[in-house]
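A short write-up of the structure that comes next.
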Amino acid sequence: GVRPGDQFTLLSDGQFSDGTPAPLSATARVTIVRVTPFGASGIVVHQDQPEIQTGMAARLTAKMP
């Protein structure tokens, strides 16, 4: 159950210069504005890094009651 108002943090999984995987880092925060049976839409409310891409990992960080 995702609801309008829920907040997700988008996470990037970068790599170090030697090719080893870097730990996940927060890229942006998204607030959900619309939910349908087929998916959810959100708006970016804060961006830390300029690397938002399709298929990024997301973590629920704030839930509406």
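The values are calculated or read from the model by the stated rules, or taken from the named source; none is laboratory data. Treat the numbers as computed from the prediction; the structure is a model and nothing was measured. Ligands, DNA and RNA are excluded from the accessible area calculation, which covers all protein heavy atoms including side chains. Shrake-Rupley method; radii C 1.70, N 1.55, O 1.52, S 1.80 Å.
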How much length is gained if the chain between residue 20 and residue 3 is pulled fully straight, taking 0.36 nm per residue apart and subtracting their Cα-Cα distance, in nm to one decimal? 2.5 nm
Share of accessible surface on carbon and sulfur in the chain, whole %, 1.4 Å probe and ligands ignored, is 54
